[in-house]
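Here the structure comes first, spelled out in structure tokens, and everything after it is commentary.
Bear in mind these aren't lab numbers, they're just calculated from the coordinates by the rules spelled out. These numbers come from a predicted model, not from an experiment. Don't worry about glycine lacking a Cβ; one is built from the backbone with ideal geometry, like all the others, and counts go over all protein chains shown.
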Amino acid sequence: MKDSLKIGIQYSHQYVVSPAQTVPALYPESPEFVAMPAVFATGFLVGFLEWACILAINPHLDSLIEQSVGTHINVSHQAATPVGFIVTAMVELIEIDGRKLTFKVEAHDGIDLISSGTHGRFVINREKFDAKILDKIGKNSKQN
């Protein structure tokens, strides 16, 4: 992590909701999901908030070896957003505890505040992370 990674970093990110980010598209193999209204899905909203946090801190990480992974999400989804609306995420880094980062997050669709809460991320060494995943895969293949 670079010295520039500091509490108070803010970032705003926009995205146009398409049919691919609606509830029916979240699990198209699920008749229950397919029957739901075609509005911005909570699962995609969470990913959108994560994306904004990643973009906020990427300039402050060593891009050759570091990335961040999501570790905690605590957000509301308080208003439905139709296809074609622009959603805007506003994120702010509010805590740094070693490699653990906490963000305040909000999203708005131009009419309503659609989400607010917090998101946790952890800065990883990509090479070490990948080695742990390969080890886990190996353990799983021995069980099957």
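Observations, loosely collected:
- Applying Stokes-Einstein at 4 °C and 1.567 mPa s to the Kirkwood radius of the chain, computed over alpha-carbon pairs, gives a translational diffusion coefficient of 78 µm² s⁻¹.
- Subset of K6/K104; K2/K128; K100/K128; K6/K100; K100/K132; K2/K104 violating a 23 Å alpha-carbon distance limit: none
- For S115, the residues 5 or more places off, or on other chains, whose built amide H falls under 5 Å of its own are Q78, A107.
- Estimated vicinal HN-Hα couplings, Hz - the range 112-117 in sequence order (Karplus 6.51, -1.76, 1.60; Gly, Pro = x): 10, 5, 9, 7, 7, x
- Counting every other Cβ atom within 10 Å of each residue's Cβ, I137, I57 order from fewest to most as I137, I57.
- The 3J(HN,Hα) values that the Karplus relation (6.51, -1.76, 1.60; θ = phi - 60°) gives for the range 89-106 are, in residue order, 9, 10, 10, 9, 6, 10, 7, 10, 10, x, 9, 8, 10, 10, 10, 8, 10, 8 Hz. Gly and Pro appear as x.
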